[in-house]
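The values are calculated or read from the model by the stated rules, or taken from the named source; none is laboratory data. Keep in mind that what you see is a predicted model, and the values were worked out from it rather than measured. Methodologically, a virtual Cβ is constructed for each residue, glycine included, from the backbone with ideal geometry; neighbour enumeration extends over all protein chains shown.
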Amino acid sequence: MNTSVHASPSVQTGLTSATAAMAAVADPADVPRPLQPSGPCSPWWGLPLLRDMRADYLGFVTRLHQQHGDLTRMRLGYEDAWDLMHPDLVREALITHADQLIRWERGMEVFEQVFGQSVLVTEGATWQRQRRMLMPAFTPKRVAGYAQLMTDAARRALDAAVPAGQGRALVPVDALWTDVAMDVILRTLFSESAQADARDAAWATQTLSEAAFREMFMPFTLPDWLPLPGKADKRRALRALKGLVQRHIDARQSEAPVADGASGKPERSDLLHMLLALRDESTGETLSPQEVLDQCLVTFQAGHETSATTLLWWTTLMAQHPEAAERARAEVDAVLQGGVPGPEHLAQLPWLGATLKEALRLYPPIAALMNRRTTAPITLGGVAVPQGALLRITPWVLHRDARWFAQPEQFQPERFLDGAPPIPKGAWIPFGLGPRVCIGQHFAMLG
Ligand code: HEM
């Protein structure tokens, strides 16, 4: 497929040949698509726009798209902010120009304070080295090895939630999925999940995530020792999470023979074992102790809330659409025949997979804020974008565009089944795109 929006009649409509067929589902007049970026004019260097964004960010970007088209530009304080709302533009930025982009510095400053120099925040050669080293731990084949740990976590949570002998129970699903997601992370990282650890880690992750969200929208981070609201909790959460991870690392290192397989015990299959054993293919280097700690910490942050949110929305949608839930149940029963689910069953559960993809389309956990900074001038759809521009990509808007998804507000898992009209590349991006695509995506889809 074309990766750019050219200056041709199809440009004005924002469509390439491969996606034009999909246009039939929308009235082209709904979404004006300019040749040049347009955007809202605002006095006071865009400060009123910032206020609107704060009030309802997703609503703001949705309106921006409806009023100004696929590529918009606005001044926000000292920022030259561009929004990319066409799959081709998103691909052109995140794939073609990946080398001329870095992540939004302010977001990374905030994350770095908590998660150190992990793969989520590093750039350039350091990121390349870390990503290269970590990839083997996250390949579909490797991730399949964590399946048993995930099944154990789900079984434990459901057994705890549904009293023995009862087929059904009323449970607060947000707490249930928060527990399951944390249990999965703890077990896949360390092969074990003590209840106290799970509780502490869930509280700490949530607290750190709220602190990060607050701080991201401030121009700088005030020192944590200041007696400001939320700072004491942030300090405690950071101490708790780092302490928990370090305890597991220390315990593992003191049982080195297990990792060597010399004790006769079976080798561990967890992520910490992988992280400690990773070798850079070209240099033979291992991850430093600090890097192992940071990668464990980032797994909590990147993996917990995203997975719990996905499960929560999926459950909500299934409850709202009992016929879809029944079809999924029948499919699972037919394939598993009462057995334990494993990675080998995934391909035989297309409907279940489609319901999950549709949940990720309607409610992507990272709905906005995949921000990048241009480190060199680039062009997008033939439009010159200067160095230093802030590019914003909002999966929420892409996922609800009637050109790619007919009746976009409706839950229709069929659109992800074989034989459905093709979805243009770049239109469904819950895990991002390009070299910085989510490293945990196979993990998340399996979980
Ligand atoms: C449903 C669950 C998940 C969703 C929707 C999700 C989504 C994403 C997205 C959108 C990005 C890219 C952000 C950007 O381009 O700026 C990302 C990156 C990342 N994700 Fe996930 N994620 C999920 C689960 C996980 C899990 C389970 C892990 C780890 C076990 C994980 C680890 C990471 C890491 C380390 C990165 C940074 C990769 C890099 O910059 O090279 N994610 N995720």
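Odds and ends about this structure:
- Pairs are defined by a Cβ separation below 7 Å, a sequence spacing of at least 6 or placement on different chains, a first member in the range 302-317 that is under 22 Å from residue 108 (Cα atoms), and a second member that is more than 9 Å from the ligand (Cβ to nearest atom) and of a type in the set (A, V, I, L, M); the pairs so defined are 304/182.
- All positions within the range 75-96 that are surrounded by fewer than 21 Cβ atoms within 10 Å (Cβ to Cβ) and over 18 Å from the mean Cα position of the chain (by Cα): 75, 76, 77, 78, 79, 80, 81, 96
- Every pair of residues 6+ apart whose Cβ atoms lie under 7 Å, when the first sits in the range 362-391 and is in the same structural domain as residue 97 (by TED's automatic domain parsing) and assigned to a strand (DSSP E or B) while the second is among the hydroxyl-bearing types (Ser, Thr, Tyr) and more than 16 Å from the ligand (Cβ to nearest atom): 385/379
- Just one of the listed residues (422, 430, 408) is within 18 Å of residue 87 (Cβ to Cβ) and touching a Cys at 6+ places or on another chain (Cβ under 9 Å), namely 430.
- Filter pass, residue 268 being in contact (Cβ under 8 Å) with a residue 60 or more places away in the chain and buried (at least 20 other Cβ atoms within 10 Å of the Cβ): no
- Filter result for the condition that a residue is surrounded by 18 or more Cβ atoms within 10 Å (Cβ to Cβ), of a type in the set (Val, Ile, Thr) and either under 30 Å from residue 64 (Cα atoms) or assigned by TED's automatic domain parsing to the domain that holds residue 286 (or both), over 162, 171, 121: 121
- Selection within the range 292-328 - among the β-branched types (Val, Ile, Thr) and closer than 18 Å to residue 446 by Cβ: 299, 306, 309, 310, 315
- Residue among 105, 92, 112 that alone is free of Cβ contacts under 8 Å to residues at least 24 places away in the same chain and not assigned by TED's automatic domain parsing to the domain that holds residue 231: 112
- Looking across the range 392-417 at every residue that is part of a helix (DSSP H, G or I) and away from the ligand (no atom under 16 Å from the Cβ), the one that is nearest to residue 184 (Cα to Cα) is identified as 413.
- Condition check for residue 237: surrounded by 14 or more Cβ atoms within 10 Å (Cβ to Cβ), free of Cβ contacts under 8 Å to residues at least 60 places away in the same chain, at negative phi and in contact with a helix residue (DSSP H, G or I) (Cβ under 6 Å, 6 or more places away or on another chain): yes
- Complete set of residues in the range 160-187 that are in contact with a helix residue (DSSP H, G or I) (Cβ under 6 Å, 6 or more places away or on another chain) and polar (S, T, N, Q): 178
Residue-wise test of (1) modelled with pLDDT of 85 or more; (2) surrounded by 14 or more Cβ atoms within 10 Å (Cβ to Cβ); (3) part of a helix (DSSP H, G or I).
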| site | (1), (2), (3) |
| --- | --- |
| 1 | no, no, no |
| 42 | no, yes, no |
| 47 | no, no, yes |
| 67 | yes, no, yes |
| 72 | yes, yes, no |
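- Only one entry of 189, 208 meets the criterion of being under 24 Å from residue 313 (Cβ atoms), part of a helix (DSSP H, G or I) and not charged (D, E, K, R), and that entry is 208.
- Annotation: of all residues in the range 128-150 being within 10 Å of the ligand (Cβ to nearest atom) and in contact (Cβ under 8 Å) with a residue 40 or more places away in the chain, the one that is nearest to the chain's Cα centre (by Cα) is 138.
- Looking only at the range 49-65, and only at residues there that are assigned to a helix (DSSP H, G or I) and charged (D, E, K, R), the one that is nearest to residue 409 (Cα to Cα): 63
- Qualifying residue in the range 418-434 (condition: aromatic (Phe, Trp, Tyr) and within 11 Å of the ligand (Cβ to nearest atom)): yes
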